[in-house]
Structure formats: structure tokens, C-alpha cells
Amino acid sequence: MEKVHSNPKILIIGFVWPEPNSSAAGGRMMTLIRLFQEQNWDITFASPALDSDFMFPLESIGVTKQNILLNDASFDVFVKDLNPSMVLFDRFMIEEQFGWRVAENCPNALRILDSEDLHCLRKARHLAFSEYRTFESTDLFSDIAKREIACILRCDISLIISEFEMELLQNVFKIDASLLYYLPFLLEPIDETVTSKWPTFSERKNFSFIGNFLHEPNWNAVLYLKESIWPLLKKQFPEANIAIYGAYPSQKVLQLHQPTNGFLIMGRAENAKVVVEKARVVLAPLRFGAGLKGKLAEAMYCGTPSVTTSIGAEAMSGDFDWNGCISDDVEVLVENAIALYQKEDIWLQAQQNGIQLYNNRFLKSLFAPNFITHLNETKNNLKAHRLKNFMGAMLQHHTLMSAKYMAKWIEAKNK
């Protein structure tokens, strides 16, 4: 009798359930899920998080949804029974919780970390900013970095979204390149079917900002807009408004709503693309953060020029011109925002720059095939791959011992 080969199984352990309409992280997770489905892999998505009103209905696309518990041996039974050939951890905190259990129960499963962005970089920049000083590379050597870098070493492959972070991991933290994989946005092209639907310069008006308010850099950027940037733009364009969209606005965010001043807190956008396409200019003055900015790629896809900072544009443009302006100086930002808002020729050139940048830097077709090949090759040569990573094996050994007994102690205590 012929052997029936079942489809490879991949287990994704999520920090939260994916919310593609709430954050870029949710959008990235759904992109990965769809990419894995195109390979005919069986996908189980598990998370210890509570269900949310805005989570994507995974079962509607054939993904198995599984609720799991922290510090509970029931996960061991579940993962052993599932026996996945690959496990993807969504952010390092999830690998800390479940990585040792996966290693113990499914030792031959390829362990992948999706870092989203480097948390230690974002936190270090935030700290430097809050202390009114310039960020220095020594700020990176924090407890959170020790945890995050240990996680990268324990995993077989870590997906890194930004070239800047790829360089930082190799040069500052001395991580071997074989453990890292550059995987930026995997987007569909901006072609004629997309551009033909764009509203024209004269059909658009106002400014916009969009970003999940649970993310501290977004909240800070909105404050910066309110206090430093918008007053100067409003003086120039008395009729204009700025519409601030984002999921999970808290009371402190809602209090900034000031219609008489044209500063509008709109809350969650039902459809971000519709909102961004109506605006003439996107403002995204991010003062700290990490990774790539989904809001700025989305602006390009909508044909909307953007004004941002060096942090906002970090690792996005490569050798291509930005679709608007990059500056860390308030006056320069405002000056460029005024020019883009007033002058159609400058605006159209910025729009064209966005198409070039987007289509040359972030298309799924540029990255997805090589990524899948890399996963399969690493999985098929896992023993040899791990032999080259002694530091990771050593960390895995010690983590297994310490995390295992800590988790067992918590579990016993909970009983």
C-alpha cells in the first residue's frame, strides 16, 4: 500500500489573537497565515489571550483555533498530540512561556520567532526620549535585551522585519546571520487597477494620522501633533482638519478631541484604506519606536504622501526617494507638509516616489518564495543547523531547567 503523506503541520502561538484592522502586527500575522495556507500546510493558531471583539475569525478560513493556558501541563499534552513540524512564536515573551515545552515535547519541530520589531530597541529609545537625551547603543544592553537575545539564540530562525535591526543584531549583539531571516512586509503590488481608483489631488482634503493607541509610540506622536505641529498647520490652513484614527483610544486620547481647532479623534477606522485615501497628506511624527511602520506603507498604497521622522522612515526607503518628507525638525516637517498640501506637482511627485519605493521594497513576490524555501531547507537539515548554534543549545538547556521548575512551581501553587 502507498503511504499517504499528510500536509505539514504548523503551530502558531500568538501573544494575542490577530486583529488585522487594529494593528500592523495583526496584519502581518494574517499575511503569514495566508502564505502558509498557500503551501497547503495545516495551521493551528493557539493563544493564552482572551478572545476580543475585533479578532479575525480564523476558523472561517480553515485555521484551527486553540485556547491554551500559561504555566499549565495541559499544553504539553496538546502539543505532543498535535506534533507540529514547525512552531512559530509570536514575539519573544511567548517563546519564553512555551519554547521549553515545545523543545521538550516536540524536539524535532523547527522553532521560528516572529519578532514583530526589536522590543529592546523600542524600549531603549523610549527610555532615552523620556530622559530628554540622545539614544546611544549602550542603552540597548538592558534586561529586556538579555531576554530577547536569549530567545533569538534559542530559536532556529528569527524573522526580522527591518534591515536596520538585522545589522544591529549582527554587529552589536554578534548574532550569527544563519539564525536571522530578513522578512519585511509581504504586500500586493501597486498597479494600474490600484492607482486608477485613487482620488485626485483636488478630490482629497485634510490631514490624517492612524495607529493603534495601545502602542506607546503612536500615543506620543499624537501628543506631538497636538502640541507642536498642528497649531502651525492650522494657522496656515484655517479650513483644514486632522483626523486621528486608531484602535483602543483611552480617555486621555479622547480628551484631545477639539473640533473647533480641527483636531478630530475618530477612534477605530472601519476600513483604514478608505480613511487614508481621502486625506491629502498623512502625518506620522514618531519620536521613538522600532521595526517598519505599516501606516506608512499603507499611505503609499493609498497614494497619500506622508511626512514623518527618521524613526518613522527607518529601514523603509533603501535607495529610493521618500513619498513626501523625512525630518526630525518641527519647522522642516511643517514646511514640507504645507508644500505637499498646497502644490499639486510636489504632491504628485511624492505619490510616484511612493509607488517606486513600495513596489521595489515590499512585494510579497520578492520575498515569499525564498522564505518558504529557507524554512523547508532548515527543517530538512535541522540537526546540522542546530550543531552550529552551541550558544542556543546551551541557553535552551539552562532555560529548560529553570523555566520548567518555575512553571511547575507556579502550576502547583495555582492548584
Problem set entry | Debye equation applied to the C-alpha atoms of the range 46-102, log10 I(q)/I(0) at 0.20, 0.22, 0.23, 0.26 Å⁻¹ | -0.86, -1.02, -1.10, -1.30
Problem set entry | Residue-normalised accessible area of the chain, given per residue in Å² at a 1.4 Å probe | 47
For this session: Tell me the Kirkwood hydrodynamic radius of the range 19-146 in angstroms, computed as one over the mean inverse distance between distinct C-alpha pairs.
Result: 16.7
Problem set entry | Which of 31, 269, 398, positive extreme of dipole for the chain (C-beta unit charges) | 398
Exercise. Looking at the range 83-161, which chymotrypsin sites (Phe, Trp or Tyr not before Pro) are in a loop (DSSP not H, G, I, E or B) and have at most 15 other Cβ atoms within 10 Å?
Worked result: 132, 141
For this session: Search the structure for amide H atoms under 5 Å from the amide H of residue 66, placed 1.01 Å from N in the peptide plane, and list their residues when 5 or more places away or on another chain.
Result: 45, 46, 47
For this session: Kindly identify the range 138-236 as rounded, prolate or oblate by the Cα gyration tensor criterion: order the square roots of the eigenvalues as a ≥ b ≥ c, call it rounded if a/c is under 1.5, otherwise compare a/b with b/c, prolate if a/b is larger, else oblate.
Result: oblate
Seminar exercise, completed: Rounded to the nearest Å, the spacing of the alpha-carbon centers of the range 136-199 and the range 219-279 is 30
For this session: Based on alpha-carbon positions alone, could you give the equivalent ellipsoid semi-axes of the chain from the gyration tensor, as √(5λ), descending, whole Å?
Result: 40, 23, 21
Problem set entry | Size of electric dipole in the chain: Cβ of Lys, Arg +1 and of Asp, Glu -1, about Cα centre, debye, nearest 20 | 780
Exercise. Of the peptides 189-199, 104-114, how do they stack up when ordered by the mean number of other Cβ atoms within 10 Å, highest first?
Worked result: 104-114, 189-199
For this session: Can you tell me the equivalent ellipsoid semi-axes for the range 107-166? Use √(5λ) from the Cα gyration tensor, largest first, whole Å.
Result: 26, 12, 8
For this session: Counting other Cβ atoms within 10 Å, keep those with at most 11, restrict to DSSP loop, and tell me which trypsin sites (Lys or Arg not before Pro) in the range 123-168 are left.
Result: 133
Problem set entry | Rounded percent of accessible protein surface that carbon and sulfur make up, the chain, 1.4 Å probe | 52
Exercise. In the range 1-143, how many lysine pairs have Cα atoms under 25 Å apart, counting only pairs 8 or more places apart or on different chains?
Worked result: 4
For this session: State the Kirkwood hydrodynamic radius of the range 200-285 in Å, one decimal place, computed from all pairs of distinct Cα atoms.
Result: 12.9
Exercise. Given 10 °C and 1.306 mPa s, how large is the Stokes-Einstein diffusion coefficient of the range 357-415 in µm²/s, with Rh as the Kirkwood radius over Cα pairs?
Worked result: 105
Seminar exercise, completed: Per-residue ellipticity at 222 nm attributable to helices in the chain (runs of n ≥ 4 DSSP H, -39500 (n - 2.57) apiece, nearest 500 deg cm²/dmol) works out to -14000 deg cm²/dmol
Exercise. When only alpha-carbon atoms count, how far does the range 282-407 stretch along each of its three principal axes, as whole angstroms with the largest first?
Worked result: 62, 34, 23
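The values are calculated or read from the model by the stated rules, or taken from the named source; none is laboratory data. Keep in mind the model is a prediction, meaning the values are calculated, not measured. Ideal geometry is used to build each Cβ from the backbone, glycine not excepted, and the neighbour counts take in all protein chains shown. Note: areas computed on protein heavy atoms with side chains; ligands, DNA, RNA excluded. Shrake-Rupley method; radii C 1.70, N 1.55, O 1.52, S 1.80 Å.
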